[in-house]
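Before any comments, here is the structure.
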Amino acid sequence: MDKNNFKQNTKCIHSFSKNNDFPEGVLTPIYTSTSYRYSSESDSVYYPRYFNTPNHKIVSEKIAALEEGEEAIVLSSGLAAITTTFFAYLKPGDHAVVQRTIYGGTSYFISNELKEFGIEISYISSTDPEDFRKKVTKNTKLIYIETPSNPLLQVIDIEAIAKIAKEKNIISIIDNTFATPINQTPITMGIDIVIHSGTKYLNGHSDVNCGVVVSRKEVINKILNYAKSHGGTLDSHALYLLDRGLRTLGLRVKQQNESALKLAKYLEKHPFINKVFYPGLESNEGHKTAKKQMKGFGGMLSFEVNCTYEEINKALNGVKLFTPAASLGGVESLICLPADTSHKRISKEEREKAGIKDTLVRVSVGIEDIEDLIEDLENAFKLIKSVSLV
Ligand SMILES: *Cc1c(COP(=O)(O)O)cnc(C)c1O
């Protein structure tokens with residue numbers, strides 16, 4: 001058929017060059033197609049929900065390489081990555097050993113929804129790997145950790161957890177969102193599965209909601225099978241943005257490591273602050289382990305202020321550069337109370353068990369100049385000064 005002879009309606013649909021005869025660009029185009037030609041000679045059927053479109057391939061290869069895993073899947077949220085992985089490995093009657101104080105959405109899913117499927121959970125409040133080992137029984141299928149954790153920045157010895165999982169022949173999973181592969185690569189320490197909320201540092205610009213699972217080929221194939229049924233697909237536009245964000249991951253995280261350490265040191269000396277949670281501080285109980293397994297200590301920290309809930313909210317409303325907002329890992333600095341944001345869905349009772357006070361403040365340090373950020377907080381603290389120095 002001569003395409004110059006197509007009628008108008010056919011032209012509307014088919015008159016474009018099907019062979020890309022431009023020189024190869026430095027970027028991969030955004031493949032908006034949800035349908036792809038198949039062939040009876042090939043097993044492959046391409047479809048976004050099968051996680052095999054060109055934009056998915058590019059980003060997942062990049063992230064697998066960053067995490068030193070064989071393969072990766074990119075999903076529509078961090079929670080999609082987490083729930084899909086749990087459902088791939090847990091059946092009714094199974095048991096999992098889980099760190100107690102982790103991201104609120106993950107906690108909610110584990111303690112509410114997994115329970116409905118007859119899955120038993122042991123929560124570990126300490127950071128001692130031996131306490132995780134003690135809870136492993138013969139129906140335990142996995143150990144789940146988050147280090148540094150959200151929101152208390154607890155540090156767990158990754159190598160020790162991986163070793164226990166190998167000895168007991170169970171799967172070890174880590175949520176590496178806070179650290180990023182720039183600061184720590186758990187697969188090189190023996191962990192089986194690395195998960196990310198890519199919404200945070202990997203994308204880094206607060207404009208894409210996505211998640212990632214990285215592991216060996218055989219593990220990814222198993223999870224992929226569930227992912228295809230659960231349907232947590234990310235579309236090509238978002239995959240492209242994620243790829244774009246990833247290009248500056250190293251630079252961003254380097255700056256955020258540096259600024260967060262300076263901010264933590266400033267807060268530690270501040271008369272209103274009771275306690276600062278940051279693994280880069282020598283006074284932090286996880287510092288030694290963090291130093292062993294991390295290249296930088298990350299851009300997240302939290303702290304407890306010597307004042308009431310009303311007072312801390314007054315200070316939060318007074319910030320000018322920081323935004324009082326949930327989420328984290330973007331180029332702009334954010335500040336929030338986890339009890340009112342990331343950990344709002346879990347009950348007050350569970351939060352208390354997890355050590356998350358209503359007045360705990362969490363900070364995501366952006367890439368602004370640290371002097372400006374410190375001045376902004378200093379001014380905000382002045383709003384509560386009269387009360388807290390009584
Ligand atoms: C935000 C977050 C998640 C959930 O990710 P979404 O992309 O919001 O679904 C999981 N783990 C950690 C540590 C997080 O901070």
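Below, the figures for the structure above:
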item	result
Residue that is most open to solvent (accessible area, probe 1.4 Å), among those in the stretch 137-179 that are over 30 Å from GLY330 (Cα atoms) and assigned to a loop (DSSP other than H, G, I, E, B)	LYS138
Leading residue by the ranking (nearest to ASN176 (Cα to Cα)) among those in the stretch 60-85 that are among the charged types (D, E, K, R) and away from the ligand (no atom under 16 Å from the Cβ)	GLU68
Answer from LEU337, LEU267 - the residue that is more than 15 Å from VAL365 (Cβ to Cβ) and touching a strand residue (DSSP E or B) at 6+ places or on another chain (Cβ under 9 Å)	LEU337
Any chance TYR108 is open to solvent by 20 Å² or more (accessible area, probe 1.4 Å), farther than 15 Å from ILE174 by Cβ, touching a residue at least 24 places away in the same chain (Cβ under 8 Å) and within 15 Å of the ligand (Cβ to nearest atom)	yes
Options SER215, SER229; residue that is more than 16 Å from the ligand (Cβ to nearest atom), crowded, with 21+ Cβ neighbours inside 10 Å and either on the phi < 0 side of the Ramachandran plot or in contact (Cβ under 8 Å) with a residue 24 or more places away in the chain (or both)	SER215
Among the candidates LEU316, LEU301, LEU321, residue that is surrounded by 15 or more Cβ atoms within 10 Å (Cβ to Cβ) and within 16 Å of the ligand (Cβ to nearest atom)	LEU301
Selected residue [open to solvent by 10 Å² or more (accessible area, probe 1.4 Å) and within 16 Å of the ligand (Cβ to nearest atom)] from TYR47, TYR103	TYR103
Residue selected from the stretch 281-296 under the condition part of a loop (DSSP other than H, G, I, E, B) and among the small types (Gly, Ala, Ser), by the criterion nearest to GLY211 (Cα to Cα)	GLY296
Residues (part of a loop (DSSP other than H, G, I, E, B) and at pLDDT 95 or above) located in the stretch 297-317	PHE297, GLY298, GLY299
Test for GLU116: is it away from the ligand (no atom under 15 Å from the Cβ) and closer than 24 Å to LEU224 by Cα	yes
Which numbered condition THR185 fails, given (1) at pLDDT 95 or above; (2) within 16 Å of the ligand (Cβ to nearest atom); (3) of a type in the set (Ser, Thr, Tyr); (4) touching a helix residue (DSSP H, G or I) at 6+ places or on another chain (Cβ under 8 Å)	(2)
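The values are calculated or read from the model by the stated rules, or taken from the named source; none is laboratory data. Quantities reported herein were computed from a predicted structural model and do not represent experimental measurements. Cβ sites come from the backbone with ideal geometry, for glycine too, and all protein chains shown count toward neighbours. Remember, those area values only see protein heavy atoms, side chains included, never the ligands or the DNA or RNA. Shrake-Rupley method; radii C 1.70, N 1.55, O 1.52, S 1.80 Å.
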